[in-house]
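The values are calculated or read from the model by the stated rules, or taken from the named source; none is laboratory data. It should be emphasised that the depicted structure is a prediction, and the values quoted were computed from it without experimental measurement. Note that we place each Cβ from the backbone using ideal geometry, even for glycine, and neighbour counts take in every protein chain shown. Just the protein is used for accessible areas: all its heavy atoms, side chains included, with ligands, DNA and RNA removed. Shrake-Rupley method; radii C 1.70, N 1.55, O 1.52, S 1.80 Å.
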Amino acid sequence: YLLSDCFVIQPMVRDAKEFLVIDRIHEDIQVLNSMPNVDGASRRQIHGIVGIINLIAGPYLIVITSKSRVGDINGQTIYKMQTTDIIPYARNMSHLNENQLKYNTKYLSMLEVVLRTDAFYFSYSYDITHTFQRLQTSAPDFFQTPFIERVSTKLFIRGIDEEGRVANFVETEQILQLADVACSYVQTRGSVPCYWTQLPDLRYKPKVTVLPHNNHMGAFRQHFEEQEYYYGKQFLISLTNQHGAEGRLNSQYRELFEHSQNSYLKFEDFDFHKECAGMRYDRLSILLARVLHDQNDFSYFAVTKDGIMQNQQSGIFRTNCVDCLDRTNVVQNLFAKRMLEIQLKRYNVINYSDTIDVHKQLSDSFKNIWADNADTISIQYAGTGALKTDYTRTGQRSTMGMMKDGWNSCMRYVLNNFYDGFRQDGIDLFIGNYKVSPDEGRINPETCPISRELSKKFLALPVTMFLAFSMCIINVLIPAASFREQMTYVLFWGAATVSTLAITIFWGQELVDAPKLYSKVKRD
């Protein structure tokens, strides 16, 4: 119920005994035992409260306005947030000046982008999670639920922070639910756990830089102390290239592992692109053979419907490539498939000599769930669906799949360079990395970080390059009085194109859409 001085939230249950009242003027929150007077209020149905966020205009209440049922896990119904609304406490914006109103609207746009494009799930017994959940009801029931931490866009947060948290850390739990028992298999992925950056600069592959003068080992140990507390033993699978910038990053990772002298850790590097060159994904069997014993040793978790634990998982595989997306998806799929087969054979769902591939419905469910998981994580982190999902869905690479990968790669380039800064700001605002001051823009517009705009002098570079390239093409297509004259024009405009392109790339970091709310120093 929306009243002029408060919001009243009434549970949609019989004989409700508690009512939430949020004061729009003094911002107090109370739980009352009786329904307050709501005469004259406008009424609307909501499905939950995301939270309260403070912007320049004051607090806003974020509510869930529609949801869709995903399925049930352990007796709890899981919903996906479909639509939300952001409701201001203030009844009007007359207390804001023109600049403040403009900046407040921009902050709202940031929030709307995050709420509209990112996947959020919830149940009425648990918090909202930023994750992906997919349930496939068949015989047996099979579902997957990853949890995403240190959420960000692809290139603006890499590596580790001072608290030992890594970028794009995702825990993925694969659950098999049978009539009398439920089995779980957990894997994780996360950025290479050292200090490194790869800030966008208009290059297709920005330079990977391992940062010097940082306490890499301290952060590395802090990260794995936490990981061991939650998951036990760790088998680290690095899929990065073993040459060039990726090779130097991988060498740093291996060096940290060796110097840590941690008996709970094992390390295996596997140059995915080299080993699987020419679409030879069958060569992933080489990696699987190397880790087979440890996967058997780590095992999986199993509990009966009576709560009796039959088996326990004692360790996990932590897989990474540079982005922890496409190569990582393929390898995690490989480990998960083998473990699912072990579970199905243990409980006599399939014959001991069978594989999942023999059972088409189960095989298709498994492949599609893992491909959908890959797409969701990739959309959140890189802005497009995952690459190589044709292999995940069908078990083999295809020409159409490679063409789709090419399209997604081009889209990632555009999004990462020209859109991700705004989206990163939205994420930082939503999760509380940046807190808005109510005085932003009140006297001096520059007190609001989003007031900073790209300098127009840098925009002249791509405009000049485009004009020079256009003139070069025109002179190639339209003949001049003589061949010599035509070649002179073509060479002149070609040289102008190349030189402005080189200058544009040199100033690349000034031209990309960079975040404004969270300092680069803290990110690095």
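Assorted remarks:
- Region 374-398, subset among the hydroxyl-bearing types (Ser, Thr, Tyr) and surrounded by fewer than 20 Cβ atoms within 10 Å (Cβ to Cβ), residue farthest from residue 170 (Cα to Cα): 398
- Subset of region 441-465 that is under 17 Å from residue 506 (Cβ atoms) and modelled with pLDDT of 80 or more - its residue that is surrounded by the fewest Cβ atoms within 10 Å (Cβ to Cβ): 463
- In region 349-371, the qualifying residues are those that are surrounded by fewer than 18 Cβ atoms within 10 Å (Cβ to Cβ) and assigned to a helix (DSSP H, G or I), and the one that is farthest from the chain's Cα centre (by Cα) is 358.
- Positions within region 255-276 being closer than 14 Å to residue 217 by Cα, of a type outside the set (Phe, Trp, Tyr) and open to solvent by less than 70 Å² (accessible area, probe 1.4 Å), in sequence order: 256, 260, 262
- Pairs with Cβ under 6 Å, 6+ apart, first in region 416-429 and under 14 Å from residue 151 (Cα atoms), second in a helix (DSSP H, G or I) and open to solvent by 10 Å² or more (accessible area, probe 1.4 Å): 423/113; 426/113
- A search for C-beta distances below 9 Å between a residue of region 479-495 that is without any contact (Cβ under 8 Å) to a residue 60 or more places away in the chain and any residue that is in a loop (DSSP other than H, G, I, E, B) and aliphatic (A, V, I, L, M), counting only pairs 6+ apart in sequence or on different chains, returns 486/478; 486/480; 487/480; 488/480; 489/480.
- Hits in region 380-407 - residues which are among the aromatic types (Phe, Trp, Tyr) and under 20 Å from the mean Cα position of the chain (by Cα): 381, 407
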